[in-house]
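Heads up, the thing below is written out as structure tokens.
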Amino acid sequence: MTKALDYFDPTHHHHVGLSAALQPAQADFLVVSFTSDWRFAPGRSREIVKALLDNDRRVSYAEITAAHGHDAFLMPDPHYHALVRAYMKG
Amino acid sequence: MKPNAKVLDLGCGDGTLLKYLKEARNALGYGIEIADANILACVEKNINVIQMDLEAGLSGFEPQSFDFVILSQTLQAMHNIELVVKEILRVGRQGIVTIPNFGYWRRRIQIIAGRMPVSRICPTSGTTRPTSISAPSLISRRSAATTAYASSSAMSCAMAGREFSAESAGEFSGLSLRKSLTDRNERPSRLPPLRLRERIEVREIRERERVRTASFAL
């Protein structure tokens with residue numbers, strides 16, 4: 001599982017940057033990271049946001065202050081939950 | 001602002017301006033905010049918002065990737081003014097900066113009372129830093145990229161090596177910035193000389209600020 005996560009590379013089939021790899025995407029995006037997450041660090045999420053911006057995709061990005069590392073997304077964080085709820089409603 | 005423009009609003013707050021631009025001009029808008037509550041407010045309005053700290057600049061944004069970059073009622077709450085103004089001009093084809101008009105008589109009275117001006121539109125909040133960038137920083141001359149000061153009736157602003165226009169009405173001052181086509185390098189700003197009354201006022205405020213800083217140091 002850890003290896004699968006480590007080896008995942010969204011640009012693998014394109015051998016070009018992330019912006020080009022996300023070029024076919026048509027969806028709107030909400031990207032959320034957690035400050036203490038070392039597995040998918042906020043910096044990686046910011047790269048995704050940049051690539052989506054390069055393609056003029058509609059994207060929002062939130063960086064949730066959290067102390068629970070990668071598992072923070074499993075915790076009942078009121079702000080995180082409110083964001084996802086608001087986004088799904090909108 | 002032309003319809004369908006790609007717009008970046010720095011310090012977009014609860015997204016009110018972007019919502020208006022989306023509805024009135026069909027703008028493709030993105031906001032940048034740092035406060036959690038404002039991120040939520042923008043998402044609730046269905047406004048694109050990106051959570052990041054402007055003080056660190058706009059790394060991750062490509063040069064000239066936006067038609068307009070707006071900094072509305074935010075400059076006065078920032079430390080790193082010159083960086084953000086340079087970044088506006090790097091990322092945007094045109095920049096629009098509005099700041100509270102500290103030359104407006106109500107704000108002047110607040111400054112004379114030794115306070116960071118507060119109004120309905122610009123209330124004091126956790127992100128406002130009254131001691132570091134308050135009236136003196138906007139009113140006094142700055143050596144590098146940006147120079148702004150309030151005059152008795154309007155605000156004048158100079159950007160080294162930039163084309164700009166500035167206007168002021170009541171509570172607000174606004175400037176429109178463009179990269180100079182002829183000279184992209186910084187050159188010394190040429191400012192209209194301050195009038196005597198303004199010079200005295202700037203000096204008074206500077207002295208007041210020094211006193212306040214000294215008392216903080218104690």
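The values are calculated or read from the model by the stated rules, or taken from the named source; none is laboratory data. Note that this is a predicted model, so its numbers are computed, not measured. No Cβ is skipped: glycine too gets one built from the backbone with ideal geometry, and neighbour counts run over all protein chains shown. The accessibility values were calculated without ligands, DNA or RNA, using every heavy atom of the protein model including side chains. Shrake-Rupley method; radii C 1.70, N 1.55, O 1.52, S 1.80 Å.
Would you mind stating whether B:Ala24 is in contact with a Ser or Thr (Cβ under 6 Å, 6 or more places away or on another chain) and either of a type in the set (Asp, Glu) or away from every other protein chain (no Cβ under 14 Å) (or both)?
Spelling it out, it is not the case that B:Ala24 is in contact with a Ser or Thr (Cβ under 6 Å, 6 or more places away or on another chain) and either of a type in the set (Asp, Glu) or away from every other protein chain (no Cβ under 14 Å) (or both).
I'd like to check which helices (runs of 4 or more DSSP H) are fully inside chain A and have at least 3 residues that are within 12 Å of chain B (Cβ to nearest Cβ) and touching a strand residue (DSSP E or B) at 6+ places or on another chain (Cβ under 9 Å).
A:42-54, A:78-89
Among the residues of segment A:6-34, count how many are β-branched (Val, Ile, Thr) and either exposed (fewer than 13 other Cβ atoms within 10 Å of the Cβ) or over 12 Å from the mean Cα position of the chain (by Cα) (or both).
2
Hey, can you tell me all the residues within segment B:43-84 that are buried (at least 20 other Cβ atoms within 10 Å of the Cβ), more than 7 Å from every other protein chain (Cβ to nearest Cβ) and over 20 Å from the mean Cα position of the chain (by Cα)?
B:Ile47 - this is the single residue of segment B:43-84 that is buried (at least 20 other Cβ atoms within 10 Å of the Cβ), more than 7 Å from every other protein chain (Cβ to nearest Cβ) and over 20 Å from the mean Cα position of the chain (by Cα).
Would you confirm, using the coordinates I've provided, whether A:Asp28 is in contact (Cβ under 8 Å) with a residue 12 or more places away in the chain, of a type in the set (Asp, Glu) and out of contact with any His (no Cβ under 6 Å at 6 or more places or on another chain)?
So A:Asp28 passes the test.
Any idea which of (1) small (Gly, Ala, Ser); (2) open to solvent by 10 Å² or more (accessible area, probe 1.4 Å); (3) within 14 Å of chain A (Cβ to nearest Cβ) is the one B:Gly11 doesn't satisfy?
(3)
Restricting attention to segment B:14-42, and to residues there that are among the β-branched types (Val, Ile, Thr) and crowded, with 21+ Cβ neighbours inside 10 Å, which single residue is nearest to the chain's Cα centre (by Cα)? Outline the logic, then answer.
Keep residues of segment B:14-42 that are among the β-branched types (Val, Ile, Thr), which gives B:16, B:32, B:34, B:39.
After this cut, where a residue has to be crowded, with 21+ Cβ neighbours inside 10 Å as well, the list is B:32, B:39.
Working: B:Ile32: 14, B:Ile39: 20 Å.
The extreme case among them is B:Ile32.
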